[in-house]
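One structure below.
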Amino acid sequence: MNQSNPSSLGTAVVTGASSGLGKVYAHRLAARGYDLLLIARRKDRLETITTELQSHFPVQVRVLAVDLAHPDGLSAASEQISADATITMLVNNAGTSSVEPVAQVPVETITNLIALNVTALTVLTKAVLPGFVKRNAGTIINIGSVVGITGFAWVPVYGGTKAYVQNFTQGLKLQLAETEIRVQYVAPAGTVSESWDVMGVPMSSLGEGALMDTEACVDAALKGLDDGEFFTAPSVHDETLVQKYVEASETLLAASQQPEPAPRYTSRS
Ligand SMILES: NC(=O)c1ccc[n+]([C@@H]2O[C@H](COP(=O)([O-])OP(=O)(O)OC[C@H]3O[C@@H](n4cnc5c(N)ncnc54)[C@H](OP(=O)(O)O)[C@@H]3O)[C@@H](O)[C@H]2O)c1
């Protein structure tokens, strides 16, 4: 199946589309009728996925095989995205992790992780925004993680990058509050994907039933998007926990705006 007409929904950019959650986003967005720009490093994977999608859905699929953690790859992606007025959605999904203790992990692993999870996500958001603002339309979905909610001994660097994604996305939402641009923060918990191989952690070591399927995670996240949610945590059953967490963060921030130090820091014991 193939069509030459551009989709009326426009083009969705999905980073990290060669596997895991990104591959499922690509499938689900094609099923919704979006044309796609799929980004990852493994071109062969992206091309196979393109063939699969085009055999099922009447959409146009383009691929861009670049390393988003490298300045050249990120510039190429950013320039292509900035120049493409058909783009109506960005799914910042590409991400990587490491479980090596900070004292032992090579510096390159840390800088690569931050370059992908933080810098690339921010630069690609910056690349779509002028067009979105001009058209007063568009959707940005940033994939974080539940480990961004609070420090986690297993993955302090990865968790720190996801805390950035959460904070950045929250600030972006507030900055765009008067526009029609949609911003969603998605915080998956453990999900079945190649990321565990990349980290060198066998999924079997996590115990049976510990991980969510990628399909279930993406379908839940898209349901959250459809419902107008900002902070979507697919595995959190008690949604009041998310509300309380956001409210407590806002209360703490508001309470911190004081010109004088708190008495506990000024009284002598
Ligand atoms: N799996 C989980 O338990 C879990 C939990 C919470 C959050 N998340 C988040 O979900 C997102 C997707 O992860 P996943 O679990 O689906 O993992 P995955 O299957 O390993 O997918 C990662 C994707 O990112 C791409 N990628 C990695 N490094 C890249 C680079 N330097 N440049 C461009 N693309 C790159 C990979 O493609 P190439 O290798 O072809 O480049 C792949 O398509 C990530 O942001 C992750 O942090 C995952």
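The values are calculated or read from the model by the stated rules, or taken from the named source; none is laboratory data. All values derive from a computational prediction rather than experimental measurement. Positions of Cβ are generated from backbone atoms using ideal geometry, with glycine treated the same way; all protein chains shown enter the neighbour counts. Ligands, DNA and RNA are stripped out before the accessible areas are found, and what is left, the full protein with its side chains, is counted by its heavy atoms. Shrake-Rupley method; radii C 1.70, N 1.55, O 1.52, S 1.80 Å.
So how far, in whole Å, is the C-alpha centre of region 238-255 from the one of region 81-132? Going from one Cα centre to the other spans 26 Å.
For Lys43, a cut-off of 22 angstrom between C-alpha atoms picks up these lysines, skipping any fewer than 8 places away in its own chain: Lys23. Using a Gaussian network model of the chain in which every pair of alpha carbons under 10 angstrom is joined by a spring, one finds that among Tyr34, Tyr164, Tyr245 the greatest mean-square fluctuation is at Tyr245. Scaled against the 2.2 N^0.38 Å expected of a compact globular protein of N residues, the Cα radius of gyration of region 57-202 reads 1.09.
Cα-based radius of gyration for region 137-186, normalised by 2.2 N^0.38 Å, reads 1.25.
Suppose every Lys and Arg Cβ carries +1 and every Asp and Glu Cβ carries -1, with no other charges. What dipole size does the chain come out with about its Cα centre, to the nearest 20 debye?
Result for the chain is approximately 460 debye, rounded to the nearest 20.
Derived value for the chain: Kirkwood hydrodynamic radius 19.6 Å. Basis is the mean of 1/r over every pair of different alpha-carbon atoms. Each principal axis of the Cα atoms in region 153-221 has its own extent, and those three values, largest first, are 46, 28, 16 angstrom. Label-to-label distance for Ala83 and Leu174 is 3.7 nm, based on points extended 7 Å past Cα in the beta-carbon direction.
Coupling constants for region 158-171 follow from the phi torsions by the Karplus curve (6.51 cos²θ - 1.76 cosθ + 1.60, θ = phi - 60°), and in residue order they are 4, x, x, 5, 6, 5, 4, 4, 5, 5, 4, 5, 4, x Hz; glycine and proline get x. Using a probe radius of 1.4 angstrom, the carbon and sulfur fraction of the accessible surface of region 11-239 is 55%. Candidates Ser235, Ile39, Gly131 compared by Cα position along the dipole of the chain: farthest toward the positive end lies Gly131, with charges placed on Cβ. Result for the chain in a Gaussian network model with C-alpha springs under 10 Å: among Gly22, Gly207, Gly190, the largest mean-square fluctuation is at Gly207. Here the dipole of region 44-172 is about 520 debye; that uses its Cα centre as origin and unit charges on the Cβ of Lys and Arg (positive) and Asp and Glu (negative).
Over all other residues within a Cβ to Cβ distance under 15 Å of Met203, the charged ones net out to -4, with Lys and Arg as +1 and Asp and Glu as -1. Rounded to two decimals, the Cα-based Rg/Rh of region 210-269, with Kirkwood Rh, is 1.27. Taking Ala69, Ala103, Ala17 as the candidate residues, the one with maximal mean-square fluctuation in a Gaussian network model of the chain, Cα springs under 10 Å, is Ala103.
Close amide H partners of Val61, meaning residues 5 or more places away or on another chain with modelled amide H under 5 Å apart, are Leu36. With a Förster radius of 22 Å applied to the C-beta separation of Ser204 and Ala153, the computed FRET efficiency comes to 0.50.
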